[in-house]
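Okay, so here's the structure we're looking at.
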Amino acid sequence: MEHQGRSVVVTGAGRGIGAETAKRFAAAGARVVVADIDGPAAQKTAAGIDGALAVEVDVTSRDGLRDMVATVTSEFGGIDVLINNAMSCSEAAFLEQSPDDVRRDFAVTVMGPYFACQEVIPGMVERGGGVIVNVSSVNASSYFGNPSYSAAKAGLESLTKTIAVEFGAAGIRCNAVAPGSIATEYWEVRKAVDPQIFEKVARWYPLGRVGRPDDVADALLFLASDAAAWITGVVLPVDGGILAGNLAMTRDITAKSGHNGES
């Protein structure tokens, strides 16, 4: 999927899905902006991408986002594609979450993209269009833990539809991807506690493995490309089939009941 000459901003691109996405867009010919609250991480990712621009930005800061847009517009002439990937995910249980836990998850995961869209869309309208793709999660559709993160991701999917409908006539498309479990640095703490965590989680997935950052990056490249020119307002699961059903659970149920699957 070609993105030759397009300017692409990826938030949360210092590592994980964001870093892989930045690399994939650059390989497709885009001019990439690696945006992250962790400046050194953004610099490290950008250093491995020819012509990439690293920007340190806190997506919860409207002023910070405004400055980022001004910088990118000055360097690249505008923003053609915005990938809202930055996230925050509290690990605390529902009754143990503090107000700060909840506020942080919502501030980064849904308010950040909201503000980023407000800053980016006027320039896209002026340029005749653009593409926004939000990184949601299967947690927005079903319960897999992390309650405040999940609620924020559900809000992000609502925002996706709002942007798609309100600004479609201006040539702006807005979609989202909803990843399942992706093997990124985020899992390292859990893996330290249980080195077999990925093998255990994989049995939930019909495709028999957890996802990789490139699985999500490829979906983002597609939705931002001309191949998806008549797709807007959708949420694309990139989840190995987990939202379709849980085969391990089904096998356990049918084995215990003796049911052979016939009605």
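The values are calculated or read from the model by the stated rules, or taken from the named source; none is laboratory data. Quick caveat: nothing in here was measured; it's all calculated off a predicted structure. Cβ sites come from the backbone with ideal geometry, for glycine too, and all protein chains shown count toward neighbours.
Looking at (1) of a type outside the set (Gly, Ala, Ser); (2) at pLDDT below 85; (3) under 14 Å from the mean Cα position of the chain (by Cα), which is the one condition that is false for VAL193?
Going through the list (1) of a type outside the set (Gly, Ala, Ser); (2) at pLDDT below 85; (3) under 14 Å from the mean Cα position of the chain (by Cα), VAL193 breaks only (3).
Within 18 Å of TYR143 (Cα to Cα), in a loop (DSSP other than H, G, I, E, B) and either touching a Pro at 6+ places or on another chain (Cβ under 9 Å) or not basic (Lys, Arg) (or both): does that describe ALA244?
Working: within 18 Å of TYR143 (Cα to Cα): yes; in a loop (DSSP other than H, G, I, E, B): yes; either touching a Pro at 6+ places or on another chain (Cβ under 9 Å) or not basic (Lys, Arg) (or both): yes.
So ALA244 passes the test.
Looking at (1) in contact with a Gly (Cβ under 8 Å, 6 or more places away or on another chain); (2) surrounded by fewer than 19 Cβ atoms within 10 Å (Cβ to Cβ), which one does ILE197 not meet, given that it meets all the others?
Checking ILE197 against (1) in contact with a Gly (Cβ under 8 Å, 6 or more places away or on another chain); (2) surrounded by fewer than 19 Cβ atoms within 10 Å (Cβ to Cβ), the one that fails is (1).
Pick from segment 6-25 the residues that are small (Gly, Ala, Ser) and closer than 21 Å to PRO179 by Cβ: which of them is surrounded by the most Cβ atoms within 10 Å (Cβ to Cβ)? Step through it out loud before you land on a result.
Of all residues in segment 6-25, those small (Gly, Ala, Ser) come to 7, 12-14, 16, 18-19, 22.
Next, only the ones that are closer than 21 Å to PRO179 by Cβ stay: 12-14, 16, 18-19, 22.
On the way: GLY12: 27, ALA13: 33, GLY14: 26, GLY16: 20, GLY18: 30, ALA19: 27, ALA22: 31.
Checking each candidate, the answer is ALA13.
In segment 77-94, which residue that is modelled with pLDDT of 95 or more and over 24 Å from PRO213 (Cβ atoms) is nearest to the chain's Cα centre (by Cα)?
Here the answer is GLY78.
What are the residues in segment 69-97 that are among the small types (Gly, Ala, Ser) and farther than 13 Å from VAL34 by Cα, if any?
Narrowing segment 69-97 to residues among the small types (Gly, Ala, Ser): 70, 74, 77-78, 86, 88, 90, 92-93.
Answer for segment 69-97, where residues must be among the small types (Gly, Ala, Ser) and farther than 13 Å from VAL34 by Cα: ALA70, SER74, GLY77, GLY78, SER88, SER90, ALA92, ALA93.
Results for (1) in contact with a Gly (Cβ under 6 Å, 6 or more places away or on another chain); (2) modelled with pLDDT of 95 or more; (3) surrounded by fewer than 19 Cβ atoms within 10 Å (Cβ to Cβ); (4) not basic (Lys, Arg), shown as yes or no for each residue.
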| residue | (1), (2), (3), (4) |
| --- | --- |
| ALA217 | no, yes, no, yes |
| LEU220 | no, yes, no, yes |
| ALA229 | no, yes, yes, yes |
| VAL234 | no, yes, yes, yes |
| GLY241 | no, yes, yes, yes |
| GLY245 | no, no, yes, yes |
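If we scan segment 167-189, do we find a residue that is without any contact (Cβ under 8 Å) to a residue 12 or more places away in the chain, surrounded by fewer than 21 Cβ atoms within 10 Å (Cβ to Cβ), in contact with a helix residue (DSSP H, G or I) (Cβ under 9 Å, 6 or more places away or on another chain) and not aliphatic (A, V, I, L, M)?
So far as segment 167-189 goes, yes, one or more of its residues are without any contact (Cβ under 8 Å) to a residue 12 or more places away in the chain, surrounded by fewer than 21 Cβ atoms within 10 Å (Cβ to Cβ), in contact with a helix residue (DSSP H, G or I) (Cβ under 9 Å, 6 or more places away or on another chain) and not aliphatic (A, V, I, L, M).
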